[in-house]
Amino acid sequence: MAETNRPLANRILYGLLFGVLAGLATLGLGQFSPASLEFMRKVSTKVFDPLGQVFLRLLFFVVIPLVFASLAAGVAQLGRLDRLGPLAGRTFALFFLNMAIAVGLGLLMMNVLRPGDHLDAGAKAMLMQEFGGAAQKHVAVSAATPAVSLAGIVEMFMPKNLFGAVVGHTNGTLGDILPLILFALLVGVVGTQLAVAKRQQLLSALDLVSELMTGIVRLALRLAPYAVPLMIYGVIVKVGLDILIALGVFALGCLAVMLLHLFGTMSLWLRLWTGRKPLAFFRDIRGVLVTAFSTSSSNATLPAALECSKETLGLKPSVSGFVLPLGTTMNMSGTALYEGCVVLFVAQVFGVDLSVGQQLTLLFLSVLSAVAVAGIPGGSLPLIAGLLVTFGIPAEGIGIVLGVDRVLDMARSMTNVGSDLVTTVVVDAQERKADAA
């Protein structure tokens, strides 16, 4: 989130606080006047929830075109795949490893803490009734899905009717995201083989679609300061304090595991592959981390990261100039971690049990979808909605975490940027060893 978007973030946080306080006040009033509490629950269902849905539906609008355009462009812009060389090979391998470890830590934390289980069965049933809608059919399908098999995987990623699967069968559901991801990757790979002029035309078209969808997300975010308090108020007056406790555990757990990945996993990388002392390294990049935390934007922090890599860390300009710009858009460990945690949390809230195989699939998809996230506030929300539907979870469930999403945005960005710099240092060390050999 750039500096100019701080007032928006502040208004969303103030709106969240107002919605929470209003919800608590209504619950308190309901202790003395149950009729008033019941009346406000009806108002929330009939008035507040539909208004909040306007915000959510704007995000749902952009899921399919945004995922396709972002992933396809991300692959196509790499150029000829056979000419990327060892530098790119090391870089992309570390990108994937970094994000996979981050998501794995997040999923492990969610399985240990299980914040969604702080809601009793009655509260979960009420949330399913309020937010499920047509998506309840997906839950039934998910529950009836047989064990993971090779034929099942082929069917998930390669349906006979691609557009039918992607578009969806009713106007109340989102389409399947898995075949869309595979199709976007195929378009991007083939796009790298095109002549330069044609590849630029493809990239221009994809970038235009991505820019248009990003504009719709920005438009939706203007409604967030009003939609967030309406939705959180409705959830509190219907479910009670349980949802606040669950959200608090979820937010603290996410923050803790992000810090663990940044200062734990990345310290191990520094020790194993570079010989640098982690404390000295993080002291050297503290200015960049503060910039990422305060701006909540990897893109806004890129100039500071490039300067630090060359002037303070002494990295080769050819390495930092290649790895850091790519990492700003592709090496999103904090974002991937958060996406996996949100999907598992909402699944727990709605009582949808994801098997080990499904969670491994979630890890892989979180890494892929994080690459497609637009570099703007709330850019991950459409992708999270798509992941929720993929696993048979009501996409409207993202409304539950919208408030804490703003709080965790700064930590996500700091984790992304810190991991980018560590990855750059590791690649630089490997390049120097290869040159020496």
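The values are calculated or read from the model by the stated rules, or taken from the named source; none is laboratory data. What you see is a predicted model, and the numbers here were worked out from it, not measured in a lab. Virtual Cβ from ideal backbone geometry, glycine too; neighbours counted across all protein chains shown.
For the reader, a short list of remarks on this structure follows.
- Subset tally (residues that are at pLDDT below 70 and within 18 Å of Leu383 (Cβ to Cβ)) for segment 161-176: 5
- Cβ separations smaller than 8 Å between residues 6+ apart or across chains give the following pairs from segment 404-424 residues that are touching a residue at least 12 places away in the same chain (Cβ under 8 Å) and over 10 Å from Gly327 (Cβ atoms) to residues that are assigned to a helix (DSSP H, G or I) and among the hydroxyl-bearing types (Ser, Thr, Tyr): Leu408/Tyr338; Met410/Ser294; Arg412/Thr335; Arg412/Tyr338; Ser413/Thr295; Ser413/Ser298; Ser413/Thr301; Thr415/Ser333.
- Selection status of Arg271, over 30 Å from Phe48 (Cβ atoms) and surrounded by fewer than 19 Cβ atoms within 10 Å (Cβ to Cβ): yes
- Applying the criterion of being touching a Gly at 6+ places or on another chain (Cβ under 9 Å) and assigned to a helix (DSSP H, G or I) to the residues of segment 269-299, the residue that is nearest to Arg432 (Cα to Cα) is Phe282.
- Any chance Leu105 is assigned to a helix (DSSP H, G or I), of a type outside the set (Phe, Trp, Tyr), under 29 Å from Val249 (Cβ atoms) and at pLDDT 75 or above: yes
- In this entry, Asp82 passes the filter for residues that are acidic (Asp, Glu), more than 19 Å from the chain's Cα centre (by Cα), modelled with pLDDT under 75 and farther than 19 Å from Ile384 by Cα.
- Scanning segment 307-327 for residues that are surrounded by 21 or more Cβ atoms within 10 Å (Cβ to Cβ) and modelled with pLDDT under 90, we see that the one that is nearest to the chain's Cα centre (by Cα) is Gly327.
- Apart from one condition, Met266 fits all of (1) farther than 18 Å from Val427 by Cβ; (2) assigned to a helix (DSSP H, G or I); (3) in contact with a Ser or Thr (Cβ under 7 Å, 6 or more places away or on another chain); the exception is (1).
- Some residue of segment 332-350 being at pLDDT 90 or above and outside any helix (DSSP H, G or I): yes
- Restricting segment 89-113 to residues that are in contact (Cβ under 8 Å) with a residue 40 or more places away in the chain and of a type in the set (Gly, Ala, Ser), the residue that is nearest to Val346 (Cα to Cα) is Gly106.
- Of all residues in segment 285-320 being touching a Lys or Arg at 6+ places or on another chain (Cβ under 9 Å) and free of Cβ contacts under 8 Å to residues at least 60 places away in the same chain, the one that is farthest from Leu421 (Cα to Cα): Pro317
- Taking every residue in segment 178-200 that is in contact (Cβ under 8 Å) with a residue 24 or more places away in the chain and pairing it with any residue that is in a loop (DSSP other than H, G, I, E, B) and among the basic types (Lys, Arg), at least 6 positions away or on another chain, the pairs with Cβ-Cβ distances below 7 Å are Thr192/Arg80.
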